[in-house]
1. Going highest first, how would you order 19-30, 328-339 by mean Cβ packing within 10 Å?
2. For V56, enumerate residues with amide H under 5 Å from its amide H, sequence gap 5+ or separate chain, H modeled in the peptide plane.
3. Please list the non-local residues whose amide H lies under 5 Å from the amide H of I120, H modeled 1.01 Å from N, same-chain partners needing a gap of 5 or more.
4. Would the range 37-93 count as rounded, prolate or oblate if I go by the C-alpha gyration tensor, calling it rounded below 1.5 in a/c and otherwise prolate when a/b exceeds b/c, oblate otherwise?
5. Taking H placed 1.01 Å from N in the peptide plane, check which residues at least 5 places from I2 or on another chain put their amide H under 5 Å from its amide H.
6. Explain nothing, just the number: dipole magnitude of the chain about its Cα centre with +1 on each Lys and Arg Cβ and -1 on each Asp and Glu Cβ, in debye rounded to the nearest 20.
7. If the only charges are +1 at each Lys and Arg Cβ and -1 at each Asp and Glu Cβ, what is the size of the charge dipole of the range 104-186 around the Cα centre, to the nearest 20 debye?
8. How big is the shadow of the Cα convex hull of the range 109-208, averaged over all directions, in nm²?
Amino acid sequence: MILAKRPEVDRFLKAPDPAVRAAVIHGKDRSGVAERAVQLCRAITPDLNDPFNVTVLTDSDIDGDDVRLDEALTALSMTGGRRLVRVRLGSEKAAIDKQLAAALKAHADGAYNPDAMLVIEAGALGRDSALRKAAEAAPAAVAIACYEDETGDVARMTREALAADKVGLTQDALDRFVARLPRERGLMRQEIERLALYIGPGSGRTIDVAELEAHLGVEPDASLQDAALQAFGGRPAPAQSGLRRALAEGESPVMAVRQASIHLGKLRRINVLQSNGAGAKEAARAAGVFWKQEAEMLRQARSWRLEDLDRALDSVNAADIATKTTGSPDQLIAERLLLEISARARRLGL
């Protein structure tokens, strides 16, 4: 069964039909996929870390191992309530696609524990994907495709998020802010949260274009942005200087790693848009690139291809976990990450 219209998707994510045993959420915007998957999973079980009711599997867990997934779908809840089996895919291997398609069809037909809910998060699945076809065809399964948010959807999301913090924007300021936002959900959420902090959560204030421009033009984490920009541009010394300046200004190593992740996300977005036919400047604007950095970002995007960004993302994710580990030398970890990225960039010809 296909769920395509936003109202029906929203209703299902908030209160899934008990007769539905499987859901495949897929799309190019991986953070949008993850956001919707988390919402659905929490509607199944509030505690996503419950070891008795929740099983989380990845590609490597099930690659060539049918038993692992079968066991997860067959297991019964030890504490009552619906079980959740969450599969998070990071690759597009045809063998795994077919394996999951077979498991989904069998589960939808009642071959496993009927009280288990199978939620699969995937990248963009083409129409030839066996998994996508199985989810669309089974009456007890749903397929939800995550497309890029329309301008109106982004504006609505911004208004709702700011209203939750009791702050707002005038209509002109909202239009300006939405036009500057990247179209990747994870980055959008971060920018909206940062704006709410700037206005003052709970203050009841609504700011206009002039005050918004002050926020957009002089950002508190400018040194971290510069450090990430220099690192991905293959300039280790300026990247290191920018990081140390930011830390001296009170920024944290955790935020330094996050900024590197945001920068990587923008480069990825530019790559994807250009591969789909967008012009360079159009792609940069859609990725939320500040106009003063546009030329440099496009220069970097020409060298940083998607496969290179994937390898760098592994290092960023490892650094993110390490900086949040108690007792870790977080400053050293952040500095080492930027130097590693700089070295990769230089090997790419930057």
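The values are calculated or read from the model by the stated rules, or taken from the named source; none is laboratory data. Values in this document were obtained by computation on a predicted structure and should not be read as measured data. A quick note on method: Cβ atoms are made from the backbone with ideal geometry, for glycine too, and the neighbour counts reach across all protein chains shown. Protein only, heavy atoms only, side chains kept; ligands, DNA and RNA dropped before computing areas. Shrake-Rupley method; radii C 1.70, N 1.55, O 1.52, S 1.80 Å.
1. Listed from highest to lowest mean packing, they are 19-30, 328-339.
2. HN-HN under 5 Å from V56: R86.
3. When sequence neighbours closer than 5 places are left aside, the close amide H contacts are A23, V24, I25, V87.
4. oblate
5. A143
6. Numbers: 49 positive and 51 negative charges, 112 e Å.
Rounded to the nearest 20 debye, it is 540 debye.
7. 80 debye
8. Averaged projected area of the range 109-208's Cα convex hull equals 8.9 nm².
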